[in-house]
Ligand code: AMP
Ligand code: GLY
């Protein structure tokens, strides 16, 4: 099969490495990819939002399967565009990707179908939102832009003044553009966070092994919220009993709710959960694999990913038994600030440590050398029998790599 991956980050690199394990995959392209991905797949220079040229490329090259990994093209109907031309594509249609693309939609969906989530109000007028937070006078309070905002549209305000400033910057200064035309103001929840990615064909839902993201930029959970500084799998807080409860109260009801709304979800649905004192609640949905969750979940996948993609597209997921490797995986990344074009040293595909893998998120490859080129730069993953061992190996692999301005957290897998 000729496969086209759409995207350019560490998540896409992890998906590519997994697809390459499949005996069915004879040729792999990635648009637009990155330096590390160029070592594993043929790079196609088409932007992730360019539906017309993506479809043309797939037709001209007789692509058998397209994998749409990032949120923006999914929300913009990339999968719909391929389907319209009879090309098989993995990922939700635009009308289902809205579960991530609009927080107003997802909150209203959860309320309508009784899926546990934080209490909230929706506003399209900043004055009304400000009057509301002042009247409620409870902090912390969470202010969220409705639309996609590169994972940065959530502000946890510790004071009413901060909440007012957040409302103004999102709704008046349009910090996130039109994503901030509407906002959600919600109750602050507490408890360990758990990420569960699940395959679903719209009929059945098969959760993957759990993971835990570390979102704050610095050690001890200090600093800004980022898209994710590192991940571990399994999530130590996610017991079998919690998994069963989430299946009954969250996973199945979400799939059913989307069907009832006439928006069947097919692809990978990401449940961002919080284990609150009142039970598991949904913090957010993503319509895709998480980044860097994919970098710890996928190395543990035993079943052929191509088979899973086909079962999802053909709505035959219930017939497929999805298997996982026991043990644990840990991934540390290098995000936050970075400079472009800095030469990177110690770059080996296997992280020069047995059991480690270096996923590239923002690199360029030129004349046999890697250079920083943006985003998270790298994610270094290791798998082992236990989490401690996986962490030790991942950090040993990190130690082999160096470049100017390199920043990573030293305590992934060690904090709540
Ligand atoms: P989101 O982009 O919705 O995942 O939010 C980013 C992060 O903000 C989450 O991973 C949580 O750590 C935090 N967060 C979002 N909503 C809430 C909430 N209602 N209560 C507490 N923390 C939250
Ligand atoms: N790591 C969270 C996300 O992919 O949105």
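Going 7 Å from the Cα of residue 339 toward and past its Cβ, which residues in the range 360-377 have a backbone nitrogen under 17 Å from where you end up? Label zone hits: 363-364, 370-375, 377.
Full extension of the chain between residue 108 and residue 172 yields a length gain of 20.7 nm, computed as 0.36 nm times the residue separation minus the alpha carbon distance. Every helix of 4 or more DSSP H residues in the chain counts as -39500 (n - 2.57), and over all residues that averages to -8000 deg cm²/dmol at 222 nm. When peptides 345-354, 299-308, 204-213 are sorted by average Cβ neighbour count within 10 Å, with the highest value leading, the order is 204-213, 299-308, 345-354. Taking 7 Å steps out from each Cα toward its Cβ at residue 27 and residue 222 produces label points 5.3 nm apart. Expressed to the nearest 5 percent, the antiparallel share of DSSP beta bridges inside the chain is 80 percent. Once the Cα-Cα distance is subtracted from the 0.36 nm per residue extended length, the residue 95 to residue 119 segment shows a gain of 6.2 nm.
Packing here is the average count of other Cβ atoms within 10 Å per residue, and on that basis the peptides 131-144, 21-34, highest first, run 21-34, 131-144. Each label was represented as a point 7 Å from its Cα along the Cα-to-Cβ direction; for residue 245 and residue 318 these points are 2.8 nm apart. Assuming a ≥ b ≥ c are the square roots of the Cα gyration tensor eigenvalues, decide whether the range 218-265 counts as rounded (a/c under 1.5), prolate (otherwise, with a/b larger than b/c) or oblate. Oblate is the answer for the range 218-265, as a/c is 1.5 or above yet b/c matches or exceeds a/b. Note on the range 196-261 and the range 295-325: Cα centroid distance 17 Å, given to the nearest whole angstrom.
Computed extension gain for residue 20 through residue 348, at 0.36 nm per residue and net of the alpha carbon distance, reaches 116.3 nm.
Between residue 369 and residue 85, the FRET efficiency estimated from the beta carbon spacing at R0 = 35 angstrom works out to 0.35. The modelled label-to-label distance for the pair residue 134/residue 406, using points 7 Å beyond Cα in the direction of Cβ, is 5.1 nm.
We did not get these values from a lab; they are worked out from the coordinates using the rules stated. These numbers come from a predicted model, not from an experiment. Neighbour counts run over all protein chains shown; Cβ positions are idealised from the backbone, glycine included.
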